[in-house]
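Data first, discussion second: the structure below is written as structure tokens.
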Amino acid sequence: MVDSPHHVHFDQAVINDGLHDNSIIYQVAPDGTSLTVHLGFLQINHRYRIELNVPAQAIKDAGFTADGISAFVAQDVAVPSVHCRLLDFPSRTVEVKGVEHFAVTIEYFAHKEKLLKEYLHLCGKEEAGRRLELILVARVLGKGKGTPMLRNGIHCIGVEKNDDESEMSDWQGFAKEK
């Protein structure tokens, strides 16, 4: 630890030990119908572009075969997510560290503090009967609570001003005595 009392610094040997990498964490449900994606820490009122490497096995476990599906799309649901949307989910796989993955791109808005969960229901463009539920989980830091180190594949694309944070005020100040 460095001599500054207000900042924590970690030894580079600890950070680069192979156990503490900065990757997004994926968790497949035992029945294969959902995939939980742990995004780590994000900041409130920030909009992110998230590039996921969804394991191909998770897609196969959900009953999809890449043959015959030109792309995956967000399934129409009664109450769609307004804070999370699918940008791109091609049907071709890419190889990452010797394992087949799908390159998925999502736009995500961290609209409230604490633990935030957003749900996307995905299906094949030609096959709406099967679906995979993508659950995106993030811990969102409030204003003034710090700036998180974003995980690999997460990029901040904008900050939205909150109406409650307006510097405009109708307060006139203290009146001068005459």
Checked the stretch 92-121 for anything over 15 Å from H38 (Cβ atoms) and of a type in the set (F, W, Y); matches are F102, F109
Checking K114 against (1) in contact with a strand residue (DSSP E or B) (Cβ under 6 Å, 6 or more places away or on another chain); (2) within 17 Å of V140 (Cα to Cα), which single condition isn't satisfied?
-> (1)
For the subset of the stretch 82-91 comprising residues that are in a loop (DSSP other than H, G, I, E, B) and at pLDDT 80 or above, which member is least open to solvent (accessible area, probe 1.4 Å)?
-> F89
Evaluate the stretch 116-136: report whether one residue or more is open to solvent by less than 80 Å² (accessible area, probe 1.4 Å), at pLDDT 90 or above and in a loop (DSSP other than H, G, I, E, B).
-> no
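For (1) closer than 23 Å to A29 by Cβ; (2) at pLDDT below 90; (3) open to solvent by less than 70 Å² (accessible area, probe 1.4 Å), each residue gets a yes or a no:
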| site | (1), (2), (3) |
| --- | --- |
| G98 | no, yes, yes |
| T105 | yes, no, yes |
| Y108 | yes, no, yes |
| K145 | no, yes, no |
| L150 | no, no, yes |
| G158 | no, no, yes |
| S169 | no, yes, no |
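The values are calculated or read from the model by the stated rules, or taken from the named source; none is laboratory data. A quick note: this is a predicted structure, and the numbers were derived from the prediction, not measured. In this analysis, Cβ positions are derived from the backbone assuming ideal geometry, glycine residues included, and neighbour counts consider all displayed protein chains. Surface accessibility is based on the protein's heavy atoms, side chains included, excluding ligands, DNA and RNA. Shrake-Rupley method; radii C 1.70, N 1.55, O 1.52, S 1.80 Å.
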